[in-house]
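One structure below.
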Amino acid sequence: MRVFVDGVAVNGPGLPDWEHACRVLSGCAPYTAAPAVMPAAPQLPAGERRRASLPIKFAVDLAAQAAAHAQADPEELGVVFGSANGDLHTVHQICEALAQPEREVSPTRFHNSVHNASAGYWSIAVKAALASTSVAAQDDTFAAALLEGVMQVRAEGLSIMLAAYDVPGPPPLACACPTLAAFGVALVLRPAQTRMSRWWLEASVREGPPVATPMTVPELEGLRAGVAAARALPLLSAMAGQKPSNVDLAYAEDRRLHVELSPCA
Amino acid sequence: MSQVVSLELEVAQIIVEALNLDVDPSAIEADAPLYGEGLGLDSIDMLELSLAISKKYGFQLRSDDKDNVRIFSSLRALTEAVGARRTK
């Protein structure tokens, strides 16, 4: 299933944007750890921005950066968002409210607690009326979201905004759903090559042990292993390398997502 | 009079804090509409505000209250409702 990648965005510790990440991932610049910068998400209308939680702003900003990189009209993109744990801070606050005698849950927090909140805020921000899909598959969330995005591109002929993101939550939920750091990635996928297409990729599900392509830099391998969304790092490295590559992403217990990637001519 | 004004400012502070508004509480006009134009609030904001008011003043502002349109019409109207119904 071949699709074209027109735009990419990344935000994570030591990888504040695609331009910098590209230099690090291609080996042209050393990796220096630094906390991910949390965006203000000016793309959101003021009323939505004051209600949006941190993971929502993080996801919306990634999608906006990828759309700009692809020079794509975000209104015309279908939406596939993936997050292993969604918004654990909001879930924590709701749990706290439910533990009080009054059991009064904030309507805004309830509104933000659903897994497709980020996709909804993004659709509002860019007035996107196409369908959105929000995926969660624990550590395999990026692979599942990528597969979903590629299938929608091929089956529906749609262009897709794919974003995967994870933000650490507070204890005790953080202990059950560990996330090393905030990390996110967004890709604009197209069914046909455009003047902005930078890479093509072909994804296929293969039987066998879920062996994933590791990162060679230890800090980046730690990030890949420590954040579900950062399972995208080997694919991003292949993109940064600007040469034909093969990447395997773990996908369920007995299979993997094999991705063949090449720069567009 | 000063008590009314201070309650009005207190309610304005609750509005700003509960809804994360980027406005100085003292700059909210007493008779300006809260909903739609003016502060630009919507139905979720009104639910959030009801929760904050009931926590602070000990009375329920329910979604089926026939006086809701009037109570939430302005800061002055909301302050009057708080003054009349508060239990704490």
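The values are calculated or read from the model by the stated rules, or taken from the named source; none is laboratory data. Every value quoted in this text rests on a predicted model; they were computed, and no experiment measured them. Note that each Cβ is placed from the backbone with ideal geometry, even for glycine, and that neighbours are counted across all protein chains shown.
The single residue among A:Gly184, A:Gly241 that is of a type in the set (Gly, Ala, Ser) and out of contact with any strand residue (DSSP E or B) (no Cβ under 6 Å at 6 or more places or on another chain) turns out to be A:Gly241. Can you confirm whether A:Ala144 is under 18 Å from the mean Cα position of the chain (by Cα), within 24 Å of A:Ala21 (Cα to Cα) and part of a loop (DSSP other than H, G, I, E, B)? For A:Ala144, the condition - under 18 Å from the mean Cα position of the chain (by Cα), within 24 Å of A:Ala21 (Cα to Cα) and part of a loop (DSSP other than H, G, I, E, B) - is not met. For B:Gln13, the conditions (1) modelled with pLDDT under 95; (2) surrounded by fewer than 17 Cβ atoms within 10 Å (Cβ to Cβ); (3) not aliphatic (A, V, I, L, M) all hold with the exception of (1). Summed over the stretch A:10-50, the residues that are within 14 Å of another protein chain (Cβ to nearest Cβ) and either closer than 18 Å to A:Ala66 by Cβ or modelled with pLDDT of 95 or more (or both) give a count of 4.
Every residue, every condition in (1) closer than 22 Å to A:Val259 by Cα; (2) of a type in the set (Asp, Glu); (3) assigned to a helix (DSSP H, G or I), yes or no:
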| position | (1), (2), (3) |
| --- | --- |
| A:Gly7 | yes, no, no |
| A:Cys22 | yes, no, yes |
| A:Val37 | no, no, no |
| A:Val60 | no, no, yes |
| A:His92 | no, no, yes |
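The set of residues from the stretch A:124-141 being within 25 Å of A:Leu180 (Cα to Cα) and part of a loop (DSSP other than H, G, I, E, B) comprises A:Ala136, A:Ala137. Among the residues making up the stretch A:94-117, a single one is in a loop (DSSP other than H, G, I, E, B), over 19 Å from A:Ala144 (Cβ atoms) and away from chain B (no Cβ under 14 Å): A:Ala99. Reported count of residues in the stretch A:206-226, each being among the β-branched types (Val, Ile, Thr) and farther than 15 Å from A:Ser237 by Cβ, is 1. Going by what's in this entry, would B:Asp22 be described as facing chain A (nearest Cβ under 9 Å) and surrounded by fewer than 14 Cβ atoms within 10 Å (Cβ to Cβ)? When the stated conditions are applied, B:Asp22 passes them.
Scanning the stretch A:63-83 for residues that are over 15 Å from A:Ala9 (Cβ atoms), surrounded by fewer than 22 Cβ atoms within 10 Å (Cβ to Cβ) and touching a residue at least 40 places away in the same chain (Cβ under 8 Å) yields A:Glu75, A:Glu76, A:Gly78.
Being surrounded by fewer than 18 Cβ atoms within 10 Å (Cβ to Cβ), at pLDDT 95 or above, over 13 Å from A:Val80 (Cα atoms) and not polar (S, T, N, Q) is a property that A:Val114 has.
Applying the condition of being in contact (Cβ under 8 Å) with a residue 12 or more places away in the chain and small (Gly, Ala, Ser) to the stretch A:84-105 and asking which residue is surrounded by the fewest Cβ atoms within 10 Å (Cβ to Cβ) yields A:Ala97.
For first residues located in the stretch B:38-50 and more than 8 Å from every other protein chain (Cβ to nearest Cβ), partners that are surrounded by fewer than 17 Cβ atoms within 10 Å (Cβ to Cβ) and among the acidic types (Asp, Glu) and lie 6+ apart or on another chain with Cβ distances below 8 Å form the pairs B:Gly38/B:Glu29. Among residues that are outside any helix (DSSP H, G or I), more than 13 Å from the chain's Cα centre (by Cα) and modelled with pLDDT of 95 or more, A:Ala72 is included.
Return a yes/no flag: does the stretch A:49-57 have any residue that is surrounded by fewer than 19 Cβ atoms within 10 Å (Cβ to Cβ) and closer than 30 Å to B:Lys55 by Cβ. Yes, because at least one residue in the stretch A:49-57 is surrounded by fewer than 19 Cβ atoms within 10 Å (Cβ to Cβ) and closer than 30 Å to B:Lys55 by Cβ.
Checking each residue of the stretch B:7-18 against the condition of being closer than 24 Å to A:Ala52 by Cα, within 10 Å of chain A (Cβ to nearest Cβ) and of a type in the set (Gly, Ala, Ser) gives at least one match.
Matching residues to (1) over 18 Å from the mean Cα position of the chain (by Cα); (2) more than 21 Å from A:Asp17 (Cα to Cα); (3) surrounded by 14 or more Cβ atoms within 10 Å (Cβ to Cβ); (4) not aromatic (Phe, Trp, Tyr):
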{"site": "A:Pro171", "(1), (2), (3), (4)": "yes, yes, no, yes"}
{"site": "A:Leu180", "(1), (2), (3), (4)": "no, no, yes, yes"}
{"site": "A:Ser197", "(1), (2), (3), (4)": "yes, no, yes, yes"}
{"site": "A:Glu221", "(1), (2), (3), (4)": "no, no, yes, yes"}
{"site": "A:Ser245", "(1), (2), (3), (4)": "yes, yes, yes, yes"}
{"site": "A:Asp254", "(1), (2), (3), (4)": "yes, yes, no, yes"}
